[in-house]
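Working notes, structure below.
The values are calculated or read from the model by the stated rules, or taken from the named source; none is laboratory data. Everything numeric here is computed off the predicted structure, so don't read it as measured data. Glycine also receives a Cβ, built like all others from the backbone with ideal geometry; neighbour counts cover every protein chain displayed.
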Amino acid sequence: MSEKIMPESEKITPIREKILANIRVQRYTPGKDKSPYFDNFKMEVETGMTILEVLRHIKNTQDSSLTFRAFCRSAICGSCAVKVNSDSVLACSTQLMPILKDFGKGSVTITPMSNMPIIRDLVVDIDPVIEKLAKMHPYLVENRERVPKALEQESLMSQKELEKFNVMTDCILCAACYSACSSVKTDSNYAGPLTIVKAYRYSADPRDNFSSMRIQAAMDQGLWSCVQCRKCIKVCPKDIRPADSIRNMRQISIEVGIHDTPGSRRARAYTDDVENFGQVNKPMLPVIVNGTKGWAAIEAAEAGLKKHGMEPTRQVCTLPGQKVTAKIYAKVREIEAKEKNQGENKV
């Protein structure tokens with residue numbers, strides 16, 4: 001039976017659209033302008049044009065004083081990060097046409113990154129972030145038990161060990177996550193997502209021998225200040241999921257014995273309460289986390305309930321599924337103990 005010969009495929013011509021768009025760009029020069037303001041630029045946007053191309057076109061044809069930062073144009077250096085309609089993006093890899101269509105308007109607003117001082121227009125000072133990063137010791141301090149003395153030998157690790165931190169090596173320090181971070185906005189001393197990502201990357205590396213000091217540095221810079229709003233996950237151009245690294249770093253801090261912090265006490269209370277009651281014991285959580293200082297929060301909450309005619313209680317009921325939950329906890333402990341014994345036997 002002869003095979004049917006398929007006709008040669010016709011050349012596919014992509015549909016290219018054009019939209020006359022209004023580009024609102026925030027302008028500000030410290031020492032010259034009293035406050036930030038917006039300039040409007042009209043231009044024809046074509047399919048495939050990136051935010052960076054649009055900015056270059058405006059600078060070349062309409063206003064040469066427009067200031068922004070860009071280098072590689074390949075989503076590698078991270079220097080072109082800006083906010084488009086309040087979302088942090090890389091200008092060189094973000095196309096404008098889909099944004100215009102999603103918002104259903106022929107207008108877009110471009111502003112500089114948040115939580116960092118503005119140098120001029122869309123250029124921000126990233127030095128404060130780098131200074132916080134330096135305090136995290138973002139480099140490998142070799143573990144002599146894993147790193148061979150001879151240069152001719154390789155420092156080998158398993159695929160499982162590599163998977164713990166491999167994706168974090170893709171971080172390009174664009175600071176998109178830092179710009180979106182709610183905790184940085186309220187606490188300027190908080191290290192921010194990208195710095196903790198780097199701290200976790202090296203702390204999880206089996207070749208490193210400096211994790212205890214690095215964890216303490218993370219604690220000093222607010223490791224438990226993150227509220228897990230997940231905004232950093234949404235904006236990360238490399239899909240690194242910084243919030244997950246923060247959670248993992250917290251887990252490491254507990255495993256090494258740092259328990260006397262509000263954050264670690266809260267984490268322990270959550271797991272213990274779910275095992276014992278099937279839910280979190282919220283009425284007493286402030287005292288468990290903050291000690292006697294927490295009574296003020298409990299009394300304030302009770303006063304609020306009474307004001308609205310509700311009778312407060314400090315008792316927490318046990319949910320019907322608690323017994324199943326307790327069995328899951330017991331199984332997890334069994335697996336953890338088994339893995340720990342296997343690790344000790346290998347040593």
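Points worth noting:
- Some residue of the stretch 309-320 being without any contact (Cβ under 8 Å) to a residue 40 or more places away in the chain and either in a helix (DSSP H, G or I) or of a type in the set (Phe, Trp, Tyr) (or both): no
- Of the helices (runs of 4 or more DSSP H) entirely within the stretch 203-265, those holding at least 2 residues that are closer than 23 Å to GLY291 by Cα occupy 211-220, 242-255.
- Tally of residues being closer than 15 Å to CYS181 by Cα and either among the hydrophobic types (A, V, I, L, M, F, W, C) or in the same structural domain as ASP170 (by TED's automatic domain parsing) (or both) across the stretch 71-87: 2
- Residues located in the stretch 153-165, provided they are out of contact with any Lys or Arg (no Cβ under 9 Å at 6 or more places or on another chain) and exposed (fewer than 13 other Cβ atoms within 10 Å of the Cβ): GLN153, GLU154, SER158, GLN159, LYS160, GLU163
Table: residues versus (1) loosely packed, with under 15 Cβ neighbours inside 10 Å; (2) more than 26 Å from CYS171 (Cβ to Cβ); (3) free of Cβ contacts under 8 Å to residues at least 12 places away in the same chain.
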site	(1), (2), (3)
GLY257	yes, yes, yes
SER264	no, no, no
VAL274	no, yes, no
PRO283	no, yes, no
LYS293	yes, yes, yes
GLN322	no, yes, no
VAL332	yes, yes, yes
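- Pairs with Cβ under 6 Å, 6+ apart, first in the stretch 1-22 and assigned by TED's automatic domain parsing to the domain that holds GLN95, second modelled with pLDDT under 65 and assigned to a loop (DSSP other than H, G, I, E, B): none
- Close pairs from the stretch 95-109: first in the same structural domain as SER74 (by TED's automatic domain parsing), partner assigned to a helix (DSSP H, G or I), Cβ under 7 Å, at least 6 apart: LEU96/ILE51; LEU96/VAL54; GLY106/LEU100; VAL108/LEU96; VAL108/ILE99; VAL108/LEU100
- GLY304 fulfils the conditions (1) at pLDDT 90 or above; (2) closer than 21 Å to ASP260 by Cα except for a single criterion, (2).
- Residue in the stretch 132-151 that is outside any loop (DSSP other than H, G, I, E, B), more than 27 Å from CYS232 (Cβ to Cβ) and either touching a residue at least 24 places away in the same chain (Cβ under 8 Å) or small (Gly, Ala, Ser) (or both) present: yes
To keep it simple, each residue is scored yes or no on (1) more than 30 Å from PHE71 (Cβ to Cβ); (2) in contact (Cβ under 8 Å) with a residue 40 or more places away in the chain; (3) assigned to a loop (DSSP other than H, G, I, E, B).
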residue	(1), (2), (3)
GLN153	yes, no, yes
LEU162	no, no, no
VAL167	no, yes, no
CYS174	no, yes, yes
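- Every residue from the stretch 101-124 that is acidic (Asp, Glu) and surrounded by fewer than 14 Cβ atoms within 10 Å (Cβ to Cβ): ASP102
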